[in-house]
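Have a look at the structure below, then the notes.
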Amino acid sequence: PPPARARRRLSSSDMFSQTGWSAVALGTVCTLLQLQQGQTTAASVVAPPPPHNPNLKYFAVWELEQGPLSPSNVSNFANFLFTSNNPQTIQEYAAGGVGPSLLRVRSVFFSGRVLRPDYKARWAQLLSTVVRPMLANGTLFGVFFGDEIVWSCTSWNDLNTAVETVRSDLPRGSAILYYNEAFPVFTEKKCALANGSYAPVVYPNVPRGLDWLSIDYYPDEGTVEGARKIYEQLIYPLMTAEQSSLFVPPAYGAGNVTLANELCCSQTTRDGANPPCNGNCTAAMLYWAQQVYDWAREDHRIVGLNPWHWNGDAVPNARFAPGLAHMPAVLAAYRAIGHEIITGQQADLVFL
């Protein structure tokens, strides 16, 4: 068979010494080590070059601004915020090397599931007092409308109105406009009502004024291959050539083995089974991190990755916790991925 691409393993210091993971740097000539009956043999093969996506330039984490690490301690792998609506926080992170960022503006336009009646006045005030000055001083490069807006049964028309309102003031090229959606809006054409039932949605296209769209998709819902199919078959056909995407991979744990097998490596998703993790969320998150990074380097419509989520303590029976900040091996993996993305030095990585 053709040789596999050479992959660079993270150093033991990067991966934290307590993990016991090996550290080997690999080049385009790959040394294959075969351990058989205590004997080691080596063979050199020329590996094909790894994929490189010139558009993949952005890395962030949901709620990164909540700490506990300071801006200077995350600036080597994250280059923007998008979940903060606090201009002061965004400026503080920019001073620490993380930025420019996106300002979250959902509450400016929406109240619950509907467009605010005074959204025009609220946006005009924010634009003149915050957005334009921060765009001018380089601490801001656009806005984030929010998470799962249509999934919450806000109408596509209301979403589009909000997007077009901002786009009319900030023409394409002057600011990035972004929002994240839930996958059932595209796969099942439905939204979730407050009473737990569902309603059909009309989603004719990704709002034309947007620059970026993403969905979040996790191993309790599907597989990495399934996420890629949603983008390629259901989302990209709704986008224009000038629009791009991000992807939100999982970065979380679980409070017991049963929950870990359900949330981190489900065997019964809509796409089929994930690789078994035997109750080890760290192993499952590392698998997703590597597979998603490989996909992002091959798909030139993807401009960034922003895993969910940063905080959340490890407590018994917790769902989707701890977060990335409290999962050392997974954090080390995403530090390496993020650093490669924001420095343009994309390479194959392997997390063993």
Subject >> Residues satisfying the stated conditions in the range 189-233, i.e. within 25 Å of Asp271 (Cβ to Cβ), open to solvent by 10 Å² or more (accessible area, probe 1.4 Å), in a loop (DSSP other than H, G, I, E, B) and of a type in the set (Gly, Ala, Ser) >> reply: Gly196, Ser197
Original post:
So which pairs qualify, if the first residue must be in the range 273-284 and closer than 17 Å to Gly226 by Cβ, the second must be surrounded by fewer than 17 Cβ atoms within 10 Å (Cβ to Cβ), the Cβ gap must be under 6 Å, and the two must be at least 6 apart or on different chains?
Top reply: Ala273/Gln267
**OP:** For residues that are in contact (Cβ under 8 Å) with a residue 40 or more places away in the chain and open to solvent by 10 Å² or more (accessible area, probe 1.4 Å), scanning just the range 240-250, find the one that is nearest to Glu298 (Cα to Cα).
**Re:** Ser244
Subject >> Residues of the range 319-343 satisfying the condition of being in a loop (DSSP other than H, G, I, E, B), within 17 Å of the chain's Cα centre (by Cα) and more than 15 Å from Val61 (Cβ to Cβ) >> reply: none
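State yes or no: is Tyr287 open to solvent by 10 Å² or more (accessible area, probe 1.4 Å), of a type in the set (Phe, Trp, Tyr) and assigned to a helix (DSSP H, G or I)? Show your work before the answer.
Details: open to solvent by 10 Å² or more (accessible area, probe 1.4 Å): yes; of a type in the set (Phe, Trp, Tyr): yes; assigned to a helix (DSSP H, G or I): yes.
Here the answer is yes, as Tyr287 does meet what is asked.
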**OP:** Tell me which residues, restricted to the range 58-99, are assigned to a helix (DSSP H, G or I), open to solvent by 10 Å² or more (accessible area, probe 1.4 Å) and free of Cβ contacts under 8 Å to residues at least 40 places away in the same chain.
**Re:** Glu65, Pro71, Ser72, Asn73, Gln88, Thr89, Glu92, Tyr93, Ala95
**OP:** Those residues that are open to solvent by 10 Å² or more (accessible area, probe 1.4 Å) and over 13 Å from Tyr293 (Cβ atoms), I need them from the range 330-339; list them, please.
**Re:** Leu331
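From the list Ser197, Ser152, Ser168, pick out the single residue that is out of contact with any helix residue (DSSP H, G or I) (no Cβ under 9 Å at 6 or more places or on another chain) and closer than 16 Å to Tyr119 by Cβ.
Answer to the check: Ser168.
Just name the residue that is most open to solvent (accessible area, probe 1.4 Å) out of those in the range 290-318 that are in a loop (DSSP other than H, G, I, E, B) and at pLDDT 95 or above.
Going through the range 290-318, the residues in a loop (DSSP other than H, G, I, E, B) turn out to be 299-301, 306-307, 309-318.
Filter once more, keeping what is at pLDDT 95 or above: 299-301, 306-307, 309-310.
On the way: Asp299: 16, His300: 92, Arg301: 60, Asn306: 0, Pro307: 0, His309: 19, Trp310: 1 Å².
The qualifying residue most open to solvent (accessible area, probe 1.4 Å) is His300.
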**OP:** Please verify whether the range 308-323 includes one or more residues that are aromatic (Phe, Trp, Tyr) and under 30 Å from Ala175 (Cβ atoms).
**Re:** yes
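Would a scan of the range 173-184 turn up a residue that is without any contact (Cβ under 8 Å) to a residue 24 or more places away in the chain, farther than 20 Å from Leu246 by Cα and out of contact with any Gly (no Cβ under 6 Å at 6 or more places or on another chain)?
Of the residues in the range 173-184, the ones without any contact (Cβ under 8 Å) to a residue 24 or more places away in the chain are 173.
Within this subset, residues satisfying the condition of being farther than 20 Å from Leu246 by Cα are none.
No, because not a single residue in the range 173-184 is without any contact (Cβ under 8 Å) to a residue 24 or more places away in the chain, farther than 20 Å from Leu246 by Cα and out of contact with any Gly (no Cβ under 6 Å at 6 or more places or on another chain).
Taking the range 145-177 only, how many residues are touching a Pro at 6+ places or on another chain (Cβ under 8 Å), farther than 24 Å from Pro87 by Cβ and part of a helix (DSSP H, G or I)?
Adding up the residues that qualify gives 2.
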Subject >> Identity of the residue in the range 118-144, more than 12 Å from Leu170 (Cβ to Cβ), free of Cβ contacts under 8 Å to residues at least 60 places away in the same chain and not in a helix (DSSP H, G or I), that ends up least open to solvent (accessible area, probe 1.4 Å) >> reply: Thr139
**OP:** Return yes or no: is Thr268 without any contact (Cβ under 8 Å) to a residue 12 or more places away in the chain, open to solvent by 70 Å² or more (accessible area, probe 1.4 Å) and of a type in the set (Val, Ile, Thr)?
**Re:** yes
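The values are calculated or read from the model by the stated rules, or taken from the named source; none is laboratory data. What you are looking at is a predicted structure, and each value in this text was computed from that prediction instead of being measured. With ideal geometry, Cβ positions are generated from the backbone for all residues, glycine too; neighbour counts draw on all protein chains shown. Heavy atoms of the whole protein, side chains included, go into the accessibility calculation; ligands, DNA and RNA do not. Shrake-Rupley method; radii C 1.70, N 1.55, O 1.52, S 1.80 Å.
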